[in-house]
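Taking it in order: structure first as structure tokens, then the write-up.
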Amino acid sequence: MNFGKWLGFSCLVIALYILWQIHQLLLLIFSAVVLATALNRLVRKLMVWGVRNRGRAVALTIGLVVVMITLFFWLIVPPFVDQFQKLIDLLPTAFTQVRSQIVALERFSELAPDPPTWKEVVNQLQPLGVALLSFFSSSVATVLQLFLVVVLTLMMLANPQEYRQAFIKLFPSFYRSRIDGILKQCEVALSSWLEGMVINCLFIGTMSAIGLVFFGVDLVLVHALLAGVLNMIPNIGPFTSAIFPIMVALLDAPWKVVAVLVWYLVIQNLESYWLSPTVMAKQVSLLPAVTLTAQIFFAQAFGLLGLILALPLTVVAKVWVEEVLFADVLDRWHQSATLGIGAISGRSPIEAKALPPITPQDPAALPESMG
């Protein structure tokens, strides 16, 4: 390896190290990109519906978002906080009831270990609580981060093409048109995922509320909101959202536990096998194992913010891997050989596939430059 290659490799290592040092900032920028992509979709729809001026469409979009956030904090947050506090107060009693049921079942087996107590569970969950508190410990830092995300979102939403062109210029000139196409695919994938996820979360939350009201389970608003929000975290979220209503139902009547569990399984299967294939047809499909692995990786590497952004990061990464690594690198190895044969024989690449391999014993098949 000559000096130029060593220099290029050293610059690459240094660049990766710098990116790792600012990974928290990059995650905040990516959050702003996701929000700007979602809002830009609404801006475009408003322009199609008759708002010709982009500035007015952006202002109208921001106004709608502000109204929705205000209504949410005015109508939903106060009762949610009240019910959530009641849920926290009920958890120790519910856990004690669950433990007593487990102990009753374990009498049939002497080898089964004793279930943990509430104090032991709290001690086990203490590291998670410390991690959450560390993420939200500095209120000033959290507010500044949210403010940064909002400002970046508004800047990108005001004139997205300038930021798009600035990003494209980071690549060689011969590859910039290809990067522009990949960015369009990323935008479509993110927009489709966001729209589908919102519909899915609303469906899960609404159906959970209907079932819990029908079964007479307390704290319906908390359970429904948790079910809808946690549904954005595949694999982990649906399982976690079912724990709290089951524990609360256990304090009332044992049959409600079975009813709530069956109802949650029904709505999750409806969402997985009917709603998602129907609503999210354009969404980038992700294998369950890939999704779970991505969640674990981003959570371990970037913490709580990485877990929250694991799915959109995976959606974007999948598009880049498929288009750059697979389509532009791996898939072209065979095509380049085929194109070479087609150029030698004067035929198209499709016709060249039927040609026999060129051998040194066939002088007529060799190009003039090799004669």
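The values are calculated or read from the model by the stated rules, or taken from the named source; none is laboratory data. Bear in mind the structure is a predicted one, so any value in this text is a computation, not a measurement. Note that we place each Cβ from the backbone using ideal geometry, even for glycine, and neighbour counts take in every protein chain shown. Only protein heavy atoms, including side chains, enter the accessible area calculation; ligands, DNA and RNA are left aside. Shrake-Rupley method; radii C 1.70, N 1.55, O 1.52, S 1.80 Å.
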Exercise for the section: Find how much the distance from residue 269 to residue 162 grows on full extension, using 0.36 nm per residue of separation minus their present alpha carbon separation; answer in nm with one decimal. Expected result: 34.2 nm
Fill in the blank from the handout: Burial-style ranking of 61-72, 316-327, average other-beta-carbon count within 10 Å with highest first, yields 316-327, 61-72
Fill in the blank from the handout: Accessible-area order for 56, 99, largest to smallest, probe 1.4 angstrom, reads 56, 99
Handout entry: Peptides ranked, highest mean first, by Cβ atoms within 10 Å: ranges 81-93, 11-23, 217-229, 244-256
Key = 217-229, 244-256, 81-93, 11-23
Fill in the blank from the handout: Here the range 228-240 yields Karplus 3J(HN,Hα) values (6.51, -1.76, 1.60; θ = phi - 60°; whole Hz; Gly and Pro given as x) of x, 6, 5, 5, 6, 9, x, 6, 7, x, x, 5, 5
Fill in the blank from the handout: Expressed in square angstrom to the nearest 10, the accessible area of residue 163 with a 1.4 Å probe stands at 110 Å²
Completion exercise
From highest to lowest solvent-accessible area (probe 1.4 Å; ligands, DNA and RNA excluded), 74, 6 read 74, 6
